[in-house]
Amino acid sequence: MEGRRNALLFTLCFFFFSLPSLSSLPAYQTLVPTSHSLPSASPTSFQPESEPVSESLIGSGSDSDSSITLNLDHIDALSTNRTPEELFSSRLQRDSRRVKSIATLAARIPRRNTTHAPRPGGFSSSVVSGLSQGSGEYFTRLGVGTPARYVYMVLDTGSDIVWLQCAPCRRCYSQSDPIFDPRKSRTYSTIPCSSPLCRRLDSAGCNTRRRTCLYQVSYGDGSFTVGDFATETLTFRRNRVKGVAVGCGHDNEGLFVGAAGLLGLGKGRLSFPGQTGRRFNQKFSYCLVDRSASSKPSSVVFGNAAVSRTAKFTPLLSNPKLDTFYYVELLGISVGGSRVPGVAASLFKLDPIGNGGVIIDSGTSVTRLVRPAYIAMRDAFRVGAKSLKRAPDYSLFDTCFDLSHQNEVKVPTVVLHFRGADVSLPATNYLIPVDTNGKFCFAFAGTMSGLSIIGNIQQQGFRVVYDLMGSRVGFAPRGCA
């Protein structure tokens, strides 16, 4: 008996002393300013399209273990004749509009009903998306219809619908490719007003003459897309996915200049992951490269191959009034190897009626933290970086440094503590160039909204895994290789 007690005591002691402690976190890491500069509008990474060799029907359960990998490019690749400074300034403007729209949406949307009966002849109201004008940051190239017509589509975790511009246009914005004409596709099929798919729309209308479903999505800045709700075949490289519900927009205003539309990756049932759950086992991931230091393309993976073995996972939380966004539990933040006392888990809590909380978002660039948490974190970083030469504020950034003529500098480490996953950020994910003269800024910002957002600058270099079957999100460092 005494031997068992001693063995148990030894095991407990070993377990306790094996746990990682905050004191073991490094206080500083190296940043090499000369190897990072503002990214320019580099050409897209997409290769010529080839004929599909495999296909599956949504809901058939076929090819359930198949995976698809696609390159992603930043929306700046579709811009021409703009300087790096102009591109960065536009990115911050898009970012501000998007954050405002997401915060408004999260604050005011009521709890959704399971289904919505389509309104005959038109719409009674619109669903307001979390996206703002032109705020999609990453896009891919895919085929629509049969034969496939290839177009650029923005991918976004903040939207629940797949849509693209369609001919004939009552009103369409400028895009890089010819506008898709459903009359030239053998697989395009309108959806009846009585269909369960039509009733899943938050704002459904009914063409009373044809008895076909209509969709409408309005965006936070007053932009919108309206048209027919239909099923169509999408082609990803050499893989064809049949029967995807898409919005075929004949009246579109102000969105995504250059791209044809949007591939929604949100948690809702009409998003692409929501519709293709059986085909891809409800898993996808992306890795966004640091464009200021890498020539590799970013990528997105659908299917089991999306899950990295090195990922640290945190549970997804459910918002009772909004199922679009990916909510996670942020418990605290460490700066310079120590937990920041003023950053308490209570500041990030998602309350029982769906207010507050923290979301992971691919379309927001700069992480926003509720103001008290941001101020405490920023002040801790300023103390740790007091040896660096300060520079004037820039745009939304209030902590900037003059790193010109510096070969390398030591900067305080930053760790985000999610439930079950401590995510240690590379220095380039929080100290970023804002001009071509060596000015770097601390890439976080405060928000007066109760909603905090983990943006894509902080996600750079990680493979961010969305395992909807396991209801979890994972982060795998150095995941873009």
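Once amide H atoms are built 1.01 Å from N in the peptide plane, which residues 5 or more positions from ARG419, or in another chain, come under 5 Å H to H?
GLU329, LEU331
Order these peptides, 143-149, 195-201, by their mean beta-carbon neighbour count within 10 angstrom, highest first. Please report the intermediate quantities before stating the final value.
Working: 143-149: 19.9, 195-201: 18.0.
In decreasing order of mean packing, 143-149, 195-201 become 143-149, 195-201.
Quickly work out the ASN437-to-SER89 label distance, labels modelled 7 Å from Cα along the C-beta direction, and quote it in nm with one decimal.
Here the modelled spin labels are 1.4 nm apart.
Among GLY474, VAL335, GLN460, pick out the residue whose Cα is farthest towards the positive end of the charge dipole of region 308-480, where Lys and Arg carry +1 and Asp and Glu carry -1 on C-beta, about the Cα centre.
VAL335
Taking 0.36 nm per intervening residue step and subtracting the Cα-Cα distance, what contour gain separates LYS410 from ARG186 on full extension? If you can, show how the numbers build up before the last one.
Numbers: separation 224, 0.36 × 224 = 80.64 nm, distance 5.96 nm.
Using 0.36 nm per residue and subtracting the Cα-Cα distance, I get 74.7 nm.
For ARG171 and ALA344 in one chain, what is 0.36 nm times their gap in residues minus the Cα-Cα distance, to one decimal in nm?
Working: separation 173, 0.36 × 173 = 62.28 nm, distance 4.85 nm.
Taking ARG171 through ALA344 to full extension adds about 57.4 nm, to one decimal.
Taking a 1.4 Å probe, which of ASP393, ASP361 shows the most accessible area, and what order do the others take after it? All intermediate terms of the calculation are to be shown ahead of the outcome.
Numbers: ASP393 95, ASP361 0 Å².
The ordering from most to least exposed comes out as ASP393, ASP361.
Is the C-alpha gyration tensor of region 308-480 telling us rounded, prolate or oblate? Criteria: a/c under 1.5 is rounded; beyond that, a/b larger than b/c is prolate, otherwise oblate. Show your work: numbers first, answer last.
Numbers: a/c = 1.96, a/b = 1.56, b/c = 1.25.
Prolate, because a/c is 1.5 or more and a/b exceeds b/c.
Accessible area per residue for region 308-480 in Å², computed with a 1.4 Å probe and the full protein assembly in place, what is it?
Values: 6340 Å² over 173 residues.
For region 308-480, the solvent-accessible area averages 37 Å² per residue.
Spin-label point model (7 Å from Cα, Cβ direction): what's the SER387 to THR34 distance in nm?
That separation, rounded to one decimal, is 1.9 nm.
Show me 271-281, 202-212, 433-443 ranked by packing, highest mean number of other Cβ atoms within 10 Å first.
Most protected by this proxy first, the peptides run 271-281, 433-443, 202-212.
Tally Lys/Arg at +1 and Asp/Glu at -1 over every other residue whose Cβ is under 14 Å from the Cβ of VAL414; what's the total?
Values: positive: ARG339, ARG378, ARG382, LYS410; negative: ASP379, ASP422.
Residues near VAL414 contribute +2 overall.
Quantify, in whole percent, the carbon and sulfur part of the accessible surface of region 308-480 (1.4 Å probe; protein heavy atoms only).
Values: 3330 of 6340 Å².
Within region 308-480, the accessible surface is 52 percent carbon and sulfur.
The values are calculated or read from the model by the stated rules, or taken from the named source; none is laboratory data. Keep in mind that this is a model prediction, so the values were computed, not measured. Don't worry about glycine lacking a Cβ; one is built from the backbone with ideal geometry, like all the others, and counts go over all protein chains shown. Note: accessible area is taken over every heavy atom of the protein model, side chains too, but ligands, DNA and RNA are not part of it. Shrake-Rupley method; radii C 1.70, N 1.55, O 1.52, S 1.80 Å.
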